[in-house]
Amino acid sequence: MSRQPQGLSETLGFHLSNGEDIFTYQQEENRVWVRDGQGEVNAVFVLESPQKMRVEDAGETVIGYVMTRSDSWRVRKPDQTEELFVLTRRDDGNYRMRKGDGERIYRINARSYGYEVQSPDEVSLYRVRQAGDRLALHNSQAVDEPLMLYTEGEFLAAGMFVFGLEALSFVEQAALAYAVNQAGG
């Protein structure tokens, strides 16, 4: 899996299996707008430094931070006093997600096709697969692993698996996915 930082072109769209636009990242300098399928702003990410991203709602109220370290990403409360979630990259290329209190909630394993998101007891939940230009998140629990979300832009599989981490809100997923992608996974 590539670990090169992936800057976004101006706009990167994500779609449902039927092709419907679900959201886009739109980047301008140190700000990234997350817009829904109708173009309405859901969140704004302000890149304060390569290691620190402020997350704001559509009204520009700070709702959290994502901190990037060499091998981890930390989702923090708005006052930055408490970690809500920590995603850690292991030396073997796999990832682990835990809550701020240390409870393990996901295992993410590198596979030949991309990544597999598992529960702590190793039940498969989601798979990320690359097929040509399409990077897709599939639901492992449903019949025939139906496609949940895809993009045809440049985005890392390590960023895409974050959208299968259901313990996070959509805005937390979008912020963490963006940070993982920017750091090169």
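The values are calculated or read from the model by the stated rules, or taken from the named source; none is laboratory data. Remember, predicted model here, so these are calculated numbers, not experimental data. For neighbour counting, all protein chains shown are included, and Cβ atoms are generated from backbone atoms with ideal geometry for every residue, glycine included. Protein only, heavy atoms only, side chains kept; ligands, DNA and RNA dropped before computing areas. Shrake-Rupley method; radii C 1.70, N 1.55, O 1.52, S 1.80 Å.
With protein chains left intact and a 1.4 Å probe, residues in the chain average 49 Å² of accessible area per residue. Ligands, DNA and RNA aside, ARG134 has an accessible area near 80 Å² when probed at 1.4 Å. Rounded to whole Å, give me the distance from the Cα center of the range 108-184 to that of the range 66-86. Cα centres, the range 108-184 to the range 66-86: 20 Å. Each 10 Å bin from 0 upward holds the following percent of the Cα-Cα pairs of the range 78-118: 28, 45, 21, 6. The sum of -39500 (n - 2.57) across all DSSP H runs of n ≥ 4, divided by the residue count of the chain, sets its helix-only mean residue ellipticity at 222 nm to -2500 deg cm²/dmol.
Residue-normalised convex hull volume from the C-alpha trace of the chain: 113 Å³ per residue.
Using the beta-carbon distance between GLU48 and GLN141 and R0 = 30 Å, what value does 1/(1 + (r/R0)^6) give for FRET efficiency, to the nearest 0.05?
About 0.20, to the nearest 0.05.
The relative contact order of the range 81-175, computed from alpha carbon pairs under 8 Å that lie at least 6 residues apart in sequence, is 16 percent.
Using 0.36 nm per residue and subtracting the Cα-Cα separation, the extra length available between ASP121 and PHE170 on full extension is 15.2 nm.
Remark: relative contact order (the chain) = 18 percent; criterion is Cα-Cα distance under 8 angstrom and separation of 6 or more residues. When THR68, THR81, THR88 are compared by accessible area of protein heavy atoms, the largest-first order is THR81, THR88, THR68, using a 1.4 Å probe.
Considering only protein heavy atoms and a probe of 1.4 Å, how much of the accessible area of the range 49-185 is carbon and sulfur, as a whole percent? Summing carbon and sulfur atoms, their accessible area is 44 percent of the total for the range 49-185.
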